[in-house]
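The values are calculated or read from the model by the stated rules, or taken from the named source; none is laboratory data. Quick caveat, the model's predicted, so the values are computed rather than measured. No Cβ is skipped: glycine too gets one built from the backbone with ideal geometry, and neighbour counts run over all protein chains shown.
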Amino acid sequence: MDSPSGGGGVVTTESETVPTAGAERLVVRLKRAEGQIRGVQRMIGEGAACEDILTQLAAVKAAVDQVGLHLISERLRVCSQSGEGGCAEDLEGALATLLRFAALAR
């Protein structure tokens with residue numbers, strides 16, 4: 001994804017666009033997850049309890065999953081409001097991708 005260019009525009013990927021304000025919120029969420037990952041690395045290095053590490057990993061996974069769900073729901077909202085054709089196919093493709101990655105994480 002391209003980096004946000006300022007307020008009010010859109011961030012464009014190969015096949016989708018995300019409103020800049022939404023993209024900025026998603027980047028914040030991902031940065032928070034990145035910080036959690038660094039915390040997990042530190043916990044492992046310090047010999048933290050396995051249960052504590054797994055709890056933090058579950059939190060990171062949930063945060064990243066929420067970004068994916070937000071992208072799908074935003075795409076559906078934008079597509080349905082615009083009345084553009086191909087919404088069903090776009091949504092199906094996005095859901096298939098999310099479910100494939102979610103299955104890999106199990």
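Checking the range 8-17 against the condition returns no match, with no residue being more than 29 Å from R77 (Cβ to Cβ) and either modelled with pLDDT of 90 or more or surrounded by fewer than 16 Cβ atoms within 10 Å (Cβ to Cβ) (or both).
When each of G68, G93 is tested for being in contact (Cβ under 8 Å) with a residue 12 or more places away in the chain and either part of a helix (DSSP H, G or I) or surrounded by 15 or more Cβ atoms within 10 Å (Cβ to Cβ) (or both), the lone residue that passes is G68.
Pairing residues of the range 26-50 that are more than 30 Å from S73 (Cβ to Cβ) with residues that are part of a helix (DSSP H, G or I) and of a type outside the set (D, E, K, R), at Cβ distances under 8 Å and at least 6 apart in sequence or on separate chains, gives M43/I53; M43/Q56; I44/I53. Among the listed residues K61, K31, identify the single one that is at pLDDT 85 or above, part of a helix (DSSP H, G or I) and either hydroxyl-bearing (S, T, Y) or surrounded by 12 or more Cβ atoms within 10 Å (Cβ to Cβ) (or both). Only one candidate passes the filter, namely K61.
In the range 73-101, the qualifying residues are those that are hydrophobic (A, V, I, L, M, F, W, C) and within 20 Å of R32 (Cβ to Cβ), and the one that is modelled with the highest pLDDT is L98.
The single condition from (1) loosely packed, with under 14 Cβ neighbours inside 10 Å; (2) more than 12 Å from the chain's Cα centre (by Cα); (3) assigned to a helix (DSSP H, G or I) that G47 fails is (3).
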